[in-house]
Structure formats: structure tokens, C-alpha cells
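S.K.: Here's a structure for you.
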């Protein structure tokens with residue numbers, strides 16, 4: 001292990017990641033349907049504020065504003081030919097923020113799903129997916145990212161293509177999937193299935209895990225599922241700040257900073273090494289999470305009853321590993337903004 005994140009993982013028993021990109025940028029004026037990645041060039045001061053908010057709140061790792069930075073996603077905004085430059089700029093702004101932090105902070109180059117359906121269910125071939133992810137990865141690498149961070153993936157085929165692209169870029173990487181359908185990803189993969197997938201990859205991630213999904217309870221149950229599968233690889237937990245609700249025409253997440261502090265401690269005790277937030281998680285939540293992680297002694301892994309008592313009920317009775325989950329289904333190609 002030679003990357004800055006690999007070295008940091010050797011010295012710490014937990015690291016805190018960042019919170020929500022989309023929530024913060026919408027609060028800064030991003031409009032629904034707009035491409036956040038364009039702000040890397042149009043409003044760099046706002047992206048600096050996004051990154052600095054996480055660092056000032058105590059994050060050891062923050063993700064770049066490049067979640068939708070593949071050529072396929074940017075084509076929706078006629079920006080496909082700016083893929084390399086927009087990703088490079090996302091990482092370069094991050095590099096400037098991290099270098100001024102006064103402590104080790106990891107710039108993680110965010111790579112989200114292409115939005116297209118992988119073959120054989122859809123038209124996206126493995127080689128084309130690798131090509132798109134590789135183009136994005138090269139921009140992030142050249143901008144100064146310490147590690148690549150593949151996130152919110154549903155299809156194992158897309159995860160494997162991203163792994164190959166990270167290898168071509170010569171970069172260490174981390175990778176999370178979203179378990180939002182009765183303990184499975186949208187394409188039907190279970191927590192145990194992800195462990196099996198990760199360990200068989202030619203270029204395995206430094207750390208793997210879950211992000212987004214339904215709520216903190218479900219995500220914690222998935223983390224327990226990773227550990228039950230016997231993996232010794234560092235696990236990532238990036239759960240949403242509660243459950244989304246419509247208030248005055250906008251989506252708000254109901255998780256309080258105190259709730260997210262409890263979630264952070266439970267995630268650590270359940271076996272996660274890298275702990276952060278996803279949709280709805282603000283710097284205020286992150287500060288509470290950091291404080292809770294620093295001040296709460298490590299305990300035994302939480303039981304399912306303890307999780308529901310603290311975080312609320314699960315969205316389904318199945319954790320995806322009992323053969324009661326749904327079958328894989330096709331995804332839409334609509335635009336999605338992380339967090």
C-alpha cells in the first residue's frame with residue numbers, strides 16, 4: 001500500500017469522510033437538473049467552500065465534485081468534450097484545500113455511475129464503460145486526487161469496469177454500492193455478493209462498502225452483512241442523514257446532528273473503518289459525528305434491535321441475504337446528483 005490513504009489507514013482505526021455534495025450545492029443555488037460539475041469552472045469559489053466545509057468539520061477524506069463526470073452523464077448537458085478538464089479542475093480545487101488543511105486530508109476523486117445499463121441487459125459494453133471511467137479517472141489523477149472513489153454503483157459489471165479503469169489510471173481506489181432495494185442493490189446484489197465481487201477483482205479497492213440507500217438503519221445492517229461475510233478489508237459506511245421528506249416543495253432529510261453522531265459510532269462498532277454521510281449530511285452533522293467518534297469508547301457490534309431503537313425501523317424485513325429480496329431490475333438513465 002503506497003497511496004496517502006493507504007498510509008493513513010495504517011495509522012488510524014477509523015477515518016471520517018465527508019457529507020453530501022448535492023445538499024450543499026443546492027443550498028448554494030444549484031438548480032435541479034443542472035450539472036454540478038460545470039461549477040468546477042464556472043463557480044470555483046463555491047466548490048472551494050464545499051470542500052472546506054467538510055475539512056473544517058473534521059473530515060479526513062472529502063470527495064470531489066465529479067460524481068456525474070463521465071462522458072455519458074456530461075453529454076446530457078452538451079459538455080461531454082469537457083470531461084477531462086472538468087474532472088481535473090474538481091481535483092485541483094480539492095488539492096488546494098487539502099494542502100492548506102494543516103493535517104493529512106485525502107482528496108478522493110468521485111466517480112459515479114454512468115447512468116447507462118450494462119450489457120447484456122442494456123447497450124453499455126464493458127470496454128466502453130472502462131473507456132469512460134478511465135477518461136474521468138485520468139482527469140482526477142492529473143488534478144491531484146490522492147485516490148479514486150467509485151460510488152453509488154448498483155451493477156457488479158459496472159463496478160468491475162470502474163476497477164479496471166482505476167488500474168489503467170495507475171490509481172488506488174475505494175468503491176461503494178447503494179443497497180436500496182430490500183437489502184440489495186437495484187441490480188440485485190447482496191452485501192455478501194459484494195464481498196465476493198471485491199475479493200475476486202484483479203485490482204481490488206483499498207476499502208469498499210455502502211453509501212446512500214434508504215436510511216441509516218438499512219446501511220448499518222448492510223455493514224454488519226459485510227462483516228458477517230468474513231472480509232478483513234476496510235469497510236466504508238456513508239449513510240443518509242435520515243429519511244427524505246418533502247417540505248415546501250423541497251427535499252429535506254430528517255436526521256439530526258445527534259442522530260448522525262449515534263450512527264457514526266454504531267457504524268464504527270459494526271465494523272466500518274471509513275465513516276461519513278451521504279444525502280442530507282451537512283457540516284453540522286459532520287461535526288457531531290467527529291465529536292461522537294472521538295469521545296465515545298469503542299463498543300460491541302450493535303444488534304439489529306439496538307440499531308432500530310436508535311435509528312428507526314428498517315425499510316424491509318429482508319437484509320438481502322435470505323433469498324427474500326427482489327430480483328434484479330433495470331435502471332433508468334436519468335440524471336442523479338449525489339447527496
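S.K.: Considering segment 239-274 alone, what residues qualify as being touching a residue at least 60 places away in the same chain (Cβ under 8 Å) and closer than 21 Å to residue 299 by Cβ?
M.R.: If the condition is that a residue be touching a residue at least 60 places away in the same chain (Cβ under 8 Å) and closer than 21 Å to residue 299 by Cβ, then 264, 268, 272, 273, 274 are the ones that fit.
S.K.: So, in segment 274-310, exactly how many residues are surrounded by 19 or more Cβ atoms within 10 Å (Cβ to Cβ) and either in a helix (DSSP H, G or I) or on the phi < 0 side of the Ramachandran plot (or both)?
M.R.: Residues flagged as surrounded by 19 or more Cβ atoms within 10 Å (Cβ to Cβ) and either in a helix (DSSP H, G or I) or on the phi < 0 side of the Ramachandran plot (or both) within segment 274-310 amount to 17.
S.K.: Can you tell me which residue among 58, 102 is assigned to a loop (DSSP other than H, G, I, E, B), in contact with a helix residue (DSSP H, G or I) (Cβ under 8 Å, 6 or more places away or on another chain), surrounded by fewer than 21 Cβ atoms within 10 Å (Cβ to Cβ) and at positive phi?
M.R.: Selected residue: 58, the only one of 58, 102 that is assigned to a loop (DSSP other than H, G, I, E, B), in contact with a helix residue (DSSP H, G or I) (Cβ under 8 Å, 6 or more places away or on another chain), surrounded by fewer than 21 Cβ atoms within 10 Å (Cβ to Cβ) and at positive phi.
S.K.: Okay, moving on. Identify the residue in segment 7-23 that is in contact (Cβ under 8 Å) with a residue 60 or more places away in the chain and in a helix (DSSP H, G or I) and, among all such residues, is nearest to residue 273 (Cα to Cα).
M.R.: 9
S.K.: Quick one: which residue in 133, 208 is closer than 26 Å to residue 289 by Cα, modelled with pLDDT of 95 or more and surrounded by 24 or more Cβ atoms within 10 Å (Cβ to Cβ)?
M.R.: On the way: 133 fails: closer than 26 Å to residue 289 by Cα.
So the residue among 133, 208 that is closer than 26 Å to residue 289 by Cα, modelled with pLDDT of 95 or more and surrounded by 24 or more Cβ atoms within 10 Å (Cβ to Cβ) is 208.
S.K.: Among the numbered conditions (1) under 21 Å from residue 77 (Cα atoms); (2) surrounded by fewer than 22 Cβ atoms within 10 Å (Cβ to Cβ), tell me where residue 9 comes up short.
M.R.: Single failed check for residue 9: (1).
S.K.: Right, something else. List the number of the failed condition for residue 163; all other conditions in (1) under 23 Å from residue 94 (Cα atoms); (2) part of a strand (DSSP E or B) hold.
M.R.: Single failed check for residue 163: (2).
S.K.: With 320, 242 as the choices, which residue is surrounded by 22 or more Cβ atoms within 10 Å (Cβ to Cβ), within 17 Å of residue 183 (Cβ to Cβ), in contact with a strand residue (DSSP E or B) (Cβ under 6 Å, 6 or more places away or on another chain) and at pLDDT below 95?
M.R.: 320
S.K.: Residues to consider are 66, 110; find the one that is touching a strand residue (DSSP E or B) at 6+ places or on another chain (Cβ under 9 Å), part of a loop (DSSP other than H, G, I, E, B) and modelled with pLDDT of 95 or more.
M.R.: That would be 66, the only listed residue that is touching a strand residue (DSSP E or B) at 6+ places or on another chain (Cβ under 9 Å), part of a loop (DSSP other than H, G, I, E, B) and modelled with pLDDT of 95 or more.
The values are calculated or read from the model by the stated rules, or taken from the named source; none is laboratory data. Bear in mind the structure is a predicted one, so any value in this text is a computation, not a measurement. All Cβ positions, glycine included, derive from the backbone under ideal geometry; neighbour counts span all protein chains shown.
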